[in-house]
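Taking it in order: structure first as structure tokens, then the write-up.
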Amino acid sequence: MITVLAGGVGAARYLAGQLLVTPDTDVTAVVNVADDVELHGLHISPDIDTIIYTLSGAIDTGRGWGLADETWNALDELRALGLDAWFNLGDRDIGTHLFRTTLLREGLSLSDVTARLASARGLRCRVLPVSDQPIETRVTLASGGEIGFQEYFVRLAHGVAISRVRFAGVDEAHPAPAVLDAIAAADVVVIAPSNPVVSIGPVLAVDGVTEALAARRERNVAVSPIVAGAALKGPADRMLRELGEESSVVGVARRYREVIAALVIDEADADLASAVAATGVRPVVAPTIMSSPEAAAELARRTVAAVRP
Ligand code: FO1
């Protein structure tokens, strides 16, 4: 089994590649839930939905989130009624959030709801929230004040400097059922090329996850989301720098070195391979830009091969 620790868009692309080279039923995604947000009475789980929509082919490929062929009537009505609807929810996407919110209110766990969403969209791989308890990424702005992740990422378009990130609720959160077993039983655990701070960070922060990974470090590998010092999408590079870390493959290796034996870095960073090795993590140089499904499949094949027993 291949277990993939995942955030949003980058992880979804990687997982789509993994499913081209591994039987679906042999793949488990353990997904960040700290991007989740309650808006307009709806429980929204962006990273879970991005993965399920991408793997089922329903994703809007231009945006990388939400559903294709969307309409925005409900949101237009909200705005016409005077609500500041800054988080764009398409009419079909709202169906997903109504489904999730209804079942959660009936007492189902986030894991159960996610399993039903995944199977309803025909997925045969497992999609596990890292925890069924609420965890919320809170971002402190360098200019002062603390806001929720989606306010930072969407309402402010992550165009502001931050000074701190914390995961509210993580101390009370437990790994969701099957998560620790999905880590222990995996032939290989892959940390997908997601934002190390706010996508993978919350996953590693859940009680028992880092320990479970460290216990089998030799069979764990990460794919750097940073190429030539920059993130391919989103604010990962700036967040690392603003938090005083290095926005490079070396900075990523330092973050993950307790839980991975190898880090896949792009050919653009081949000159940093020895600096990565100096952190105690084995560098694996390979093309990491997933410009096509075939490129993602080849990346997944080489990533797993880097530590496959
Ligand atoms: N990202 C945006 O940049 N703007 C949006 O309006 C937006 C709405 C949205 C709605 C549902 C959903 O599942 C994701 C959405 N995202 C949006 C992406 C979301 O902010 C993710 O958390 C990021 O992609 C980071 O993982």
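Mean sequence separation of contacting Cα pairs (under 8 Å, at least six apart), scaled by the length of the chain, corresponds to a relative contact order of 20 percent.
Using every pair of distinct Cα positions in region 1-77, the Kirkwood expression returns a hydrodynamic radius of 13.4 angstrom. Other residues lying with their Cβ under 11 Å from the Cβ of S45 contribute a combined charge of -4, Lys and Arg counting +1, Asp and Glu -1. For an R0 of 30 angstrom, estimate the FRET efficiency from the Cβ-Cβ distance between E38 and A120 and round to the nearest 0.05. For R0 = 30 Å, the calculated efficiency reads 0.85. Rg/Rh, computed from the Cα trace of the chain with Rh as the Kirkwood radius, has the value 0.95.
Using r as the Cβ-Cβ distance of E146 and E218, and R0 as 51 Å, what FRET efficiency do you calculate, to the nearest 0.05? Write down the numbers at each step before the final one.
Working: r = 39 Å, r/R0 = 0.76.
After rounding to 0.05, the efficiency reads 0.85.
Semi-axis lengths, largest first, of the ellipsoid equivalent to region 265-309 are 21, 14, 5 Å, with √(5λ) applied to each eigenvalue of the Cα gyration tensor. With the helix formula -39500 (n - 2.57) applied to DSSP H stretches of n ≥ 4, the chain reaches a computed 222 nm mean residue ellipticity of -9500 deg cm²/dmol. If you average the sequence gap of Cα pairs under 8 Å that are 6 or more apart and divide by the length of region 72-117, what percent do you get for the contact order? Reported as a whole number, the value is 29 percent.
Per residue, what volume in Å³ does the convex hull of the Cα atoms of region 61-203 enclose?
Values: hull volume 23.0 nm³, N = 143.
Each residue corresponds to 161 Å³ of Cα convex hull volume.
Every read-out reported here was derived from the displayed coordinates using simple, explicitly stated rules and does not represent laboratory data. These numbers were taken from a predicted model, which means no experiment stands behind them. Don't worry about glycine lacking a Cβ; one is built from the backbone with ideal geometry, like all the others, and counts go over all protein chains shown.
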